[in-house]
Amino acid sequence: MALGPSTSSAKIKPGQSTGNYGIAFALVTSLFFLWGLANSLNGSLIKQFQIALDLNRFQAGIVDFAFYLGYFFMALPAGYVMRRFGYKRGILLGLLLYGGGAFLFYPAADARVYSFFLFALFTMACGIAFLETAANLYVTVLGDPEKSEWRLNFSQSFNGISIILGPIIGALFIFSDTEYTPEMLTAMAPAQAEAIRVQEALSVQTPYLVVGLIIAFVTILFAITKMPEVGAEEEQAAGKMSILGVLRHRHLALGTIAQFVNVGAQATLWGYFVDLKLDFSRNDHWAVATWYMNAINTLTGGSSANLSPTQIAGFHASFALVLLMLGRFVGTALMTRMKPNRVLALFSMGAVAMVAMAMLTGGLTAVIALSFTYFFQSIMFPTIFALATKNLGAESKIASSLVIMSIVGGALMPLVAGALFAYGPIYALIVPLVCFAYIVYYAMQGSRVRVADLYSPNVPPEIVP
């Protein structure tokens, strides 16, 4: 991986700001860890809000909708802010919004108003939209363009580490030791049920307060660090750009759709993993748990026998996410020997196979199959992003905004899956099955760059990579 200044004239030009590329790369990579944590906590919130705020599964699923809606509204503004003020200021604004949203969870828990929680989530998502728009693209241009996919997958591997922590935090600090069902709460005295709901709501305060403090610290680090500004001269030469003009690139347009369905499939599986796992193994969840019970014992000090089924499922989700992290490292290694689009095709085919297996079987086999979808999902987001924004030169920031904007698929697809879930988990899995099948097509055909598309009034030929 090249972390030093690239010799490519399309990426580094005289007059651009210089800086320590190693420090810049390390700091930007830390952002992947931070937004992965926020994403992975959403599944815990969905389950918790059903109890704390007396919501049904569809109402609680609006958590994902509010979160991903922030991406839809803020991705394009993030791109324009970066074009006008540079990567660093875009990242700083994103960190301020992210941290502010995390701190809002404290008063939201006291108020126990669902709309307040959703506003806090939306604010966090707006900040993360800035971070993802900036960081994903910055990593691809901060070095040798021939290694952009490899570099982005490497950074995304640290995103996988934080995603593992989300379900563990949920199991240890958010989910209670007792599994409360709507029927149990209805049977209780009103005062007792209300006290339980209050306690369940307050359980989210400490985790998000800690997240907010970490974000504040990282914001200070970015503020005092000099960051290289890459590609400024290309943008000045290109002048004004239009969204439709940028979308003339076939690999970008199809890649935006691929990212839409990719995030939709991931949000469906991640958001519903606890419910799917409980449903597939409800009659014998301890038997399903045996193959990872030793690890749970280690994490809980030998107290796993006292954990509720939801906590067990939360820990299981974290182990499934270990597979996601491993998949990113395996995929990154494969990209040193295979073309990135071929690795993407291989992994997306694997995801199709795992979802199909879960639909056709049940019990332990289905749970294991769903777990392995995480392995195959691992490289999809960074690889699709890098393929969709490849060779776009001055148009890269707007292209990056469009790809990040497509993350709104994570808000819409789970709603479709939620409606299908009422008929059974098998029907809900139709959504990720179709999504992964499209990604197979994009990897094999849609990601090919047509050189003729690279020349336009927006991008003079002399600055096309």
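Among the residues of the range 107-140, just one is touching a Leu at 6+ places or on another chain (Cβ under 6 Å), at pLDDT 90 or above and more than 23 Å from S406 (Cβ to Cβ), namely A120.
For the range 8-20, does any single residue satisfy the condition of being small (G, A, S), at pLDDT 80 or above and over 21 Å from the mean Cα position of the chain (by Cα)? No: the range 8-20 contains no residue that is small (G, A, S), at pLDDT 80 or above and over 21 Å from the mean Cα position of the chain (by Cα). When each of G79, G100, G143 is tested for being in a helix (DSSP H, G or I), crowded, with 23+ Cβ neighbours inside 10 Å, in contact (Cβ under 8 Å) with a residue 12 or more places away in the chain and not basic (K, R), the lone residue that passes is G79. The single condition among (1) modelled with pLDDT of 85 or more; (2) more than 23 Å from the chain's Cα centre (by Cα); (3) under 26 Å from Y21 (Cα atoms) that A232 does not satisfy is (1).
Do we find a residue being surrounded by 16 or more Cβ atoms within 10 Å (Cβ to Cβ), at pLDDT 55 or above, touching an Asp or Glu at 6+ places or on another chain (Cβ under 8 Å) and among the hydrophobic types (A, V, I, L, M, F, W, C) anywhere in the range 325-336? Yes, the range 325-336 contains at least one residue that is surrounded by 16 or more Cβ atoms within 10 Å (Cβ to Cβ), at pLDDT 55 or above, touching an Asp or Glu at 6+ places or on another chain (Cβ under 8 Å) and among the hydrophobic types (A, V, I, L, M, F, W, C). Is it the case that T383 is surrounded by fewer than 22 Cβ atoms within 10 Å (Cβ to Cβ), assigned to a helix (DSSP H, G or I) and either under 15 Å from the mean Cα position of the chain (by Cα) or of a type in the set (S, T, Y) (or both)? Considered against the rule, which asks whether it is surrounded by fewer than 22 Cβ atoms within 10 Å (Cβ to Cβ), assigned to a helix (DSSP H, G or I) and either under 15 Å from the mean Cα position of the chain (by Cα) or of a type in the set (S, T, Y) (or both), T383 comes out as no. Part of a helix (DSSP H, G or I) and either modelled with pLDDT of 70 or more or not hydrophobic (A, V, I, L, M, F, W, C) (or both): is that true of G90 in this structure? So G90 fits the description; yes. Scanning the range 322-375 for residues that are touching a Gly at 6+ places or on another chain (Cβ under 7 Å) and either under 16 Å from M444 (Cα atoms) or β-branched (V, I, T) (or both) turns up V343, F347. Considering only residues that are surrounded by 18 or more Cβ atoms within 10 Å (Cβ to Cβ) and either in contact with a strand residue (DSSP E or B) (Cβ under 7 Å, 6 or more places away or on another chain) or not hydroxyl-bearing (S, T, Y) (or both), look in the range 441-452 and name the one that is farthest from G36 (Cα to Cα). This residue is G446. Residues in the range 182-198 include none that are farther than 18 Å from S30 by Cα, among the basic types (K, R) and at pLDDT 80 or above. Annotation note: Cβ proximity below 9 Å between a residue of the range 24-40 that is in contact (Cβ under 8 Å) with a residue 40 or more places away in the chain and within 21 Å of P228 (Cβ to Cβ) and a residue that is basic (K, R) and not in a helix (DSSP H, G or I) (sequence gap 6+ or interchain) occurs for A24/K226. For R89, are the conditions met, namely being under 30 Å from E395 (Cβ atoms), among the charged types (D, E, K, R), in contact with a helix residue (DSSP H, G or I) (Cβ under 9 Å, 6 or more places away or on another chain) and surrounded by fewer than 22 Cβ atoms within 10 Å (Cβ to Cβ)? Yes: the conditions hold for R89. Screening F65 against (1) among the aromatic types (F, W, Y); (2) surrounded by fewer than 21 Cβ atoms within 10 Å (Cβ to Cβ); (3) at pLDDT 85 or above leaves a single unmet condition, (3). Select from the range 352-380 the residues that are surrounded by fewer than 22 Cβ atoms within 10 Å (Cβ to Cβ) and assigned to a helix (DSSP H, G or I) and list them in ascending order. Of everything in the range 352-380, those that are surrounded by fewer than 22 Cβ atoms within 10 Å (Cβ to Cβ) and assigned to a helix (DSSP H, G or I) turn out to be V352, A353, A356, M357, M359, L360, G363, L364, T365, I368, A369, F372.
The values are calculated or read from the model by the stated rules, or taken from the named source; none is laboratory data. Every value quoted in this text rests on a predicted model; they were computed, and no experiment measured them. So basically every Cβ, Gly included, is an ideal-geometry build from the backbone, and we count neighbours across all protein chains shown.
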